[in-house]
Each structure stands twice: as C-alpha cells, then as structure tokens.
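> Mind looking over this structure? Questions follow.
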Amino acid sequence: MSAVRPLPVEAFPIRHDWSRAEVEALLALPLPELLHRAGSAHRLHFEPGEVQVSTLLSVKTGGCPEDCAYCPQAARYHTGVEATKLMELDDVLAKAQQAKAAGASRFCMGAAWRSPKDRDIPKVAAMIREVKALGLETCATLGMLSGAQAGALKDAGLDYYNHNLDTDPELYGDIIHTRDMQDRLDTLSHVRDAGLKTCCGGIVGMGESRRQRAGLLMTLANLPAHPDSVPINRLVQVEGTPLAGTVELDPFEFVRTIAAARILMPRSMVRLSAGRAEMNDELQALCFCAGANSIFYGEKLLTTGNPDTLRDNALFERLGLRPMPIEEVKSQLDAIPGLTIVGSEGGCGGGCACSSGVASLTIVGAASEAAASGCCGGSTPRTPEDGCGCGCSGC
Ligand code: SAM
Ligand code: DTB
Ligand code: SF4
C-alpha cells in the first residue's frame with residue numbers, strides 16, 4: 001500500500017497535447033484518487049484556502065440575435081428576460097463600487113451581443129477605465145471581437161476577456177447554430193494577441209456524455225495558452241430555453257469536471273461558476289477540495305440568481321476560506337527583492353475600520369515592516385496601484 005503524499009510538480013506538466021482518452025481516463029479515476037491529484041496540483045501554484053472573488057454585471061441585457069440553446073438572453077426564446085439598452089456609465093460605477101465594498105476583487109461586465117459594434121467600444125472602454133480606477137480588476141464578455149476591438153479594450157485598461165468554448169466541439173453544432181467553434185477560437189486569439197488575459201471555460205449539464213465533457217476540457221487545455229481563468233458553469237435551466245428540462249448532471253460528475261480542469265490547467269484559476277445557487281454547501285465544499293479557487297460573488301449572475309453574499313460569507317466561514325487578495329497587489333509585492341509572502345489572513349487586519357474581508361498578507365524579509373500588513377491603516381492616500389485594496393474609506 002502506498003503512502004499518501006502530495007504529488008510533485010513533475011506530475012503536473014503544462015501540456016497542450018492532451019488526448020480525449022487521457023482526459024476520459026482522468027475523469028474515470030476513483031473519486032478519492034482524482035481529488036488527491038487535483039489537490040496536489042492546486043497546492044503547487046495556489047494557497048488552497050484562498051478563493052478569488054469576481055462580481056458580474058449585465059451591462060446590456062437580452063434581445064440577443066444568437067441561438068445558444070442554454071441562454072435566457074436569446075431574443076428568440078420566451079424566457080421573460082426584457083431587452084435593455086447599454087447601461088449608463090454612472091450606474092455601472094455605482095454597481096462596481098458596491099461590489100468592491102462587498103469584497104470583490106474583479107468586476108466582470110457582460111453584454112448580450114453577438115459582437116459589439118465599433119460604436120459601442122468607446123462606451124464600454126469608458127466603463128473599463130472608470131472601474132479600473134476604483135482599484136478593481138476588470139473583465140468583459142461582449143461576444144466576438146475583432147483584433148482592433150480587443151486592442152481598444154486593452155488600451156482602456158481591460159485585464160481579462162471572457163469568451164467560452166461552451167462545449168465539446170463534437171456537440172457544439174447541437175447547441176449553437178449562429179456561430180461556430182472557429183469563430184470562438186478566432187476571438188480568443190485576438191484577445192491573446194492584444195495582450196489581454198483570457199477567461200475561457202464552458203457549461204456542463206447540457207445532456208452531454210462524460211466523453212463530451214472530456215472533449216471540452218481537452219480543447220480548453222490544448223489552446224495555445226491555458227486560459228488564465230477557467231469558468232466551469234453548471235447549466236442554469238431557464239424555462240423557455242431549449243435546454244430547460246434537461247436531465248440533471250450527477251453532482252459527482254460536476255466535481256470530477258472541476259478536478260480534471262485543475263489537473264489539466266494547474267496554473268489557471270478554476271471558477272466554480274454559474275449554478276451555485278442550486279448547489280448545497282457540501283457540493284461546493286467538494287468543488288473547492290477538487291481545486292476550484294474562484295467564484296462569482298453577488299446575488300445575481302447576468303440574469304439568473306447566485307447565492308447572496310450573506311450565504312457566501314457564511315460558507316467561507318464554515319469552510320475556513322478567505323478571499324484571494326487582488327493579484328496585482330500580490331505580484332507587486334512579489335516583485336520587491338527580499339520579500340516573501342508566507343501567508344495571508346482573512347479580514348483586513350491592518351488597523352483600519354473596513355469590514356470587506358479582503359485578506360491581509362504576511363510578509364518576511366527586508367522592508368517587511370512597512371509591508372507587513374495588507375492594509376495601509378488609512379495613513380496613505382489610496383491609488384489604484386497601491387494601498388491594500390480593502391475598500392475602507394481611509395485607504
Ligand atoms: N454574449 C456573449 C457571449 O456569448 O460570449 C457574452 C455573454 S454570455 C451570457 C457568457 C457565457 O455565459 C456563455 O458563453 C455561457 O457559457 C454562459 N451562460 C449563459 N447562459 C447560461 C446558463 N443558462 N447556464 C450556465 N451558463 C450560461
Ligand atoms: C461565465 O462563464 N459564466 C458567467 C460569465 N462567464 C459571464 C455567466 C453565467 C450566466 C448564467 C445565466 C444568466 O445569469 O443569465
Ligand atoms: Fe447571446 Fe451570449 Fe446568450 Fe449566446 S450566450 S444567446 S451570444 S448572450
């Protein structure tokens with residue numbers, strides 16, 4: 001009998017040549033073994049107690065000309081979602097401020113477009129600039145982008161672009177008819193070429209087989225670069241969409257999908273994404289044990305429900321999890337010679353009066369006194385590039 005030890009880094013090479021059979025074999029492992037491997041991969045690159053927290057806002061809802069069979073925002077399905085115009089900048093900023101005060105580190109703006117019109121780009125760019133100036137990471141999901149559009153969003157300060165593959169290339173034609181997989185791959189390559197970080201994942205629970213879930217994961221892992229964030233959505237079934245009434249996916253199959261994503265893309269944030277409102281705490285806990293380290297936070301996704309922040313805060317408390325500090329803060333500290341981040345704690349903890357729950361960092365090395373707390377204690381003016389990101393009024 002072998003001793004149970006974390007697996008070494010050599011066990012999780014960064015590969016882009018996975019076969020479907022290899023991924024299927026991973027998905028078929030005994031669950032404890034799969035979780036052990038995923039847990040080892042998780043610990044190589046991340047603090048297992050930290051979860052990155054993003055908040056979503058639908059800045060342009062409904063009326064979409066596409067026919068994605070899962071989506072409540074497609075104009076052709078009768079789902080009760082009302083089409084709206086693009087939101088005003090001030091309204092978006094008010095929502096971003098609320099998200100920041102609640103503890104989010106990333107703000108993702110979604111639009112129900114096939115692709116943005118060139119005339120929409122300056123308006124979205126203004127949203128990105130102003131949200132970024134609040135000290136939040138920015139993400140947008142606006143449909144297909146040209147190279148020039150991706151460049152303009154990057155210039156406005158966009159950090160991430162979300163564009164999902166959604167499903168196995170083999171199943172794709174059954175789910176979406178108004179654009180093909182190559183269109184998605186082209187947008188992702190424009191996004192990468194513009195120097196944006198990619199957020200790319202898919203949906204499970206759409207009636208696919210395990211082999212097809214393996215196909216989705218294989219295609220994600222074999223992209224030219226692993227996506228920086230990988231949202232794994234469980235289908236939110238909405239009355240009026242063609243996929244309403246689909247037989248529900250076995251929750252353990254969902255956990256297996258998360259674990260395989262963690263093993264295949266060990267350095268990516270794996271997001272336990274849509275569908276959490278329908279999951280109990282135990283299932284979510286298993287997903288975190290399987291290597292999920294990111295969530296959408298806030299009571300709404302785009303048009304459907306998400307657990308409210310009270311429930312999520314209680315879940316974090318029960319599981320001993322804490323929000324991941326804004327990556328930029330971490331990487332800036334990482335860049336200071338002689339400093340090492342050895343741990344972080346929930347709660348700001350630096351002496352200010354915030355209650356945002358943004359983690360503080362424990363740092364050792366030269367100059368550590370100045371940087372030993374993630375909070376500036378309200379003593380220095382806050383700019384997007386410095387300060388603790390805790391959201392308190394003093395910092
Ligand atoms: N219109 C843009 C597009 O399709 O790229 C951006 C918004 S779209 C709603 C973003 C993603 O949300 C989709 O690619 C899909 O993965 C996810 N999504 C949409 N409806 C969903 C549902 N009912 N359940 C789970 N995920 C869903
Ligand atoms: C992603 O992968 N999931 C999010 C985000 N990217 C944009 C969207 C989920 C949408 C769920 C259905 C809705 O709320 O309309
Ligand atoms: Fe439109 Fe995006 Fe929904 Fe597809 S997923 S119908 S493109 S909003």
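> Take the Cα of ARG119, step 7 Å along the line toward its Cβ, and report every residue of the range 68-108 whose backbone nitrogen sits under 14 Å from that point.
Label zone hits: 86.
> On to the next question. Rounded to the nearest 0.05, what FRET efficiency do GLU82 and ARG5 give with R0 = 56 Å and r taken as the Cβ-Cβ distance? Could you check? Walk me through the numbers on the way to the answer.
Numbers: r = 55 Å, r/R0 = 0.98.
So the FRET efficiency works out to roughly 0.55.
> Per residue, how much accessible area does the range 45-327 show when a 1.4 Å probe rolls over the protein heavy atoms, in square angstrom? Write out the running numbers ahead of the final one.
Values: 10380 Å² over 283 residues.
Heavy-atom accessible area per residue stands at 37 Å².
> Sticking with this one: Provide, for q = 0.15, 0.19, 0.25 Å⁻¹, the log10 of I(q)/I(0) from a solvent-free Debye sum over equal Cα point scatterers in the range 63-105.
Relative scattering, expressed as log10 I(q)/I(0), comes to -0.58, -0.72, -0.78.
> Determine the sum of side-chain charges near GLN237: Lys and Arg each +1, Asp and Glu each -1, restricted to other residues whose C-beta is under 10 angstrom from that of GLN237. All intermediate terms of the calculation are to be shown ahead of the outcome.
Numbers: positive: ARG234; negative: GLU239, GLU248, GLU278.
It works out to a net charge of -2.
> How high is the FRET efficiency between LEU319 and ALA277 when r is their beta carbon distance and R₀ equals 22 Å, given to the nearest 0.05?
Given R0 = 22 Å and the Cβ-Cβ separation, E is 0.80.
> Further question: Under 29 Å from the Cα of LYS60, which lysines turn up, not counting those fewer than eight places away in the same chain?
LYS85, LYS95, LYS100, LYS117, LYS123, LYS132, LYS154, LYS197, LYS300
> Report for the range 45-327 the percent antiparallel among DSSP-assigned beta bridges with both residues inside it, nearest 5. Could the numbers behind the result be given before it?
Numbers: 1 of 34 bridges.
Of all bridge pairs located within the range 45-327, approximately 5 percent are antiparallel.
The values are calculated or read from the model by the stated rules, or taken from the named source; none is laboratory data. It should be emphasised that the depicted structure is a prediction, and the values quoted were computed from it without experimental measurement. Here Cβ is always computed from backbone atoms with ideal geometry, including for glycine, and neighbour counts include all displayed protein chains. Remember, those area values only see protein heavy atoms, side chains included, never the ligands or the DNA or RNA. Shrake-Rupley method; radii C 1.70, N 1.55, O 1.52, S 1.80 Å.
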